[in-house]
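This report concerns only the one structure given below.
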């Protein structure tokens, strides 16, 4: 079964190295929490709020050893008033036997505000 594993992280400022480092931190936390390997991943969609423009976060995922064949795409989120700024969101589509209830979604930094109902433990 293909399931979605979600996560989000906020960054301190729109700088390429910060974007790449925080995106990797988030993706690695999601896969670690759910015991996922790159070969289990069908695809990854990464979105950013419109205030992130200095780098493609997908680049950092593609640069991970063993991840070069994982399809990754970036896009911007809708520009909604009062949305959480400087936020990177990730949706990883994974082949898994986990039920929806057993998937651990990961929210880091100020992104914990997005889905406090899914925060069950600190990553």
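The values are calculated or read from the model by the stated rules, or taken from the named source; none is laboratory data. Only a predicted model underlies this, so the values are computations on that prediction, with no experimental measurement involved. Reconstructed Cβ throughout: ideal geometry from the backbone, glycine too, with neighbour counts over all protein chains shown.
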Residues satisfying the stated conditions in segment 8-33, i.e. crowded, with 19+ Cβ neighbours inside 10 Å and outside any helix (DSSP H, G or I): 8, 9, 10, 11
Among (1) within 24 Å of residue 2 (Cα to Cα); (2) under 17 Å from the mean Cα position of the chain (by Cα); (3) modelled with pLDDT under 95 - the single one residue 46 does not satisfy: (3)
Would you be able to tell me the number of residues in segment 53-63 that are exposed (fewer than 14 other Cβ atoms within 10 Å of the Cβ) and either under 23 Å from residue 3 (Cα atoms) or out of contact with any helix residue (DSSP H, G or I) (no Cβ under 9 Å at 6 or more places or on another chain) (or both)? 1
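Filter segment 78-94 for residues that are surrounded by fewer than 20 Cβ atoms within 10 Å (Cβ to Cβ) and touching a strand residue (DSSP E or B) at 6+ places or on another chain (Cβ under 6 Å); which is nearest to residue 6 (Cα to Cα)?
Start the filter on segment 78-94 by keeping residues that are surrounded by fewer than 20 Cβ atoms within 10 Å (Cβ to Cβ), which leaves 78-85, 91, 93.
Next cut, touching a strand residue (DSSP E or B) at 6+ places or on another chain (Cβ under 6 Å) only: 91, 93.
Numbers: 91: 5, 93: 9 Å.
The qualifying residue nearest to residue 6 (Cα to Cα) is 91.
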Quick check: is even one residue across segment 87-99 free of Cβ contacts under 8 Å to residues at least 40 places away in the same chain, closer than 20 Å to residue 18 by Cα and either assigned to a helix (DSSP H, G or I) or under 13 Å from the mean Cα position of the chain (by Cα) (or both)? no
Look at residue 50 and say whether it is touching a residue at least 60 places away in the same chain (Cβ under 8 Å), surrounded by fewer than 16 Cβ atoms within 10 Å (Cβ to Cβ) and in contact with a strand residue (DSSP E or B) (Cβ under 9 Å, 6 or more places away or on another chain). no
Exactly one condition in (1) assigned to a loop (DSSP other than H, G, I, E, B); (2) surrounded by fewer than 19 Cβ atoms within 10 Å (Cβ to Cβ) is false for residue 70; which is it? (2)
